[in-house]
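Peer 1: Quick one: this structure, given as structure tokens, is what I'll be asking you about.
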Amino acid sequence: MKNKLYDIFHRLAAHFGPLHWWPAETPFEVVIGAFLTQNTAWRNVEQAIANLRQASALEPASLLALPRGLLETLIRPAGFFRQKAENLQSFAEILCHRYGGDLAALLAGDLDGVRGALLSLRGVGPETADAILLYAGKRPSFVVDAYTRRLFTRLGLLKGSEGYEAIRTLFMDNLPHEVDLFNEYHALIVEECKTFCRKGAPSCPPCPLLACCPYGQSAVAL
DNA sequence: ATCCGGGAAC
DNA sequence: GTTCCGGGAT
């Protein structure tokens, strides 16, 4: 084992197999999903994206052209629909007007520079920025989310009080900056936390990380 | 009836 | 710490 983060990755990969995220047909669809899934279960995002597909609004220009009220209606299942509609059209407007609708152009260049530019956009916080960079831009920026914090706190590798950047730095300082590795690792963390390391009723006995998890061992011992 | 979602802005 | 919001699970 090169280090604990590798060890955990391999245990998860052995159990769940290759996941090949993100579930989307185009890079811009990844961006839409990244906004829509903010504090929202993916199941609800799928319905919203299906509505956008039905309305042929999964490209920057067509999304931007939708009347705000219609867009709000289409993405309603994903919750927070007013702010998400505003943020999505704000992003689409910048993409269309400053980059000619070319997402790859927006995501090209110095990684930290592009990340900073994304973070300056309305409705783009650190997780959304990293998800866009990694899954839409294939840039090696590790994605941290509530699942990551919960899982690694239970594993004893975090105290639980660390901020986003500190957690991202932990992963980026201890793993090679490879897009495929970051892609799979985040996807595996999400699957692990949906399946076993749930918030309310974790399922520790069958968890693939039980052998290296102090939380799970104490839970099983009860 | 409450809780929780692949957060972000204020 | 609050607000923004819907939909399935408990």
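We did not get these values from a lab; they are worked out from the coordinates using the rules stated. Everything quoted here is computed from the prediction, not taken from an experiment. Positions of Cβ are backbone-derived with ideal geometry, glycine not excepted, and every protein chain shown enters the neighbour counts.
Peer 1: Identify the residues of region A:155-191 with backbone N under 14 Å of a label point that sits 7 angstrom from the Cα of residue A:112 along the Cα-to-Cβ direction, or state none.
Peer 2: Residues passing the 14 Å test: A:169, A:173.
Peer 1: Additional query: What is the spin-label model distance, in nm, from residue A:82 to residue A:211 if the labels are put 7 Å beyond Cα along the C-beta direction?
Peer 2: Once both label points are built, they end up 5.3 nm from each other.
Peer 1: In terms of Cα to Cα distance under 17 Å, which lysines are near enough to residue A:159, apart from those fewer than 8 places away along the same chain?
Peer 2: Partners within reach: A:4, A:199.
Peer 1: Tell me whether region A:84-128 comes out rounded, prolate or oblate; compute the Cα gyration tensor, take square roots of the eigenvalues as a ≥ b ≥ c, and use a/c under 1.5 as the rounded threshold.
Peer 2: Oblate is the answer for region A:84-128, as a/c is 1.5 or above yet b/c matches or exceeds a/b.
Peer 1: Right, something else. State the percent of C-alpha pairs, over all pairs in region A:31-92, separated by a distance greater than 18 angstrom.
Peer 2: 17
Peer 1: Which lysines does residue A:138 reach when only Cα atoms under 18 Å apart count, and residues fewer than 8 places away in its own chain are ignored?
Peer 2: none
Peer 1: A follow-up question, please. If you keep only loop residues by DSSP, which trypsin sites (Lys or Arg not before Pro) in region A:1-56 have at most 14 other Cβ atoms within 10 Å of their Cβ?
Peer 2: A:2
Peer 1: Could you tell me how many degrees, from 0 to 90 and to the nearest 10, lie between the Cα long axis of helix A:4-16 and the main elongation axis, the longest principal axis, of the Cα atoms of chain A?
Peer 2: Tilt of helix A:4-16: around 80 degrees.
Peer 1: So which residue, out of A:77, A:27, A:18, gets the largest mean-square fluctuation from a GNM of chain A using Cα contacts under 10 Å as springs?
Peer 2: Maximum fluctuation in the GNM of chain A, among the listed residues, is at A:18.
Peer 1: To continue, here is another question. Could you tell me the calculated FRET efficiency between residue A:164 and residue A:56, based on Cβ-Cβ distance and R0 = 30 angstrom, to the nearest 0.05?
Peer 2: E between residue A:164 and residue A:56, to the nearest 0.05, is 0.30.
Peer 1: From the C-alpha coordinates alone, can you work out the Kirkwood hydrodynamic radius of region A:27-136, in Å?
Peer 2: Answer for region A:27-136: a Kirkwood hydrodynamic radius of 13.7 Å.
Peer 1: What are the principal axis extents of the Cα atoms in chain A, in Å, biggest first?
Peer 2: That works out to 57, 36, 31 Å along the principal axes.
Peer 1: How far apart, in nanometres, would the label points at residue A:68 and residue A:180 be if each is projected 7 angstrom from Cα along the Cα-to-Cβ direction?
Peer 2: Between residue A:68 and residue A:180, the simple spin-label model gives 4.5 nm.
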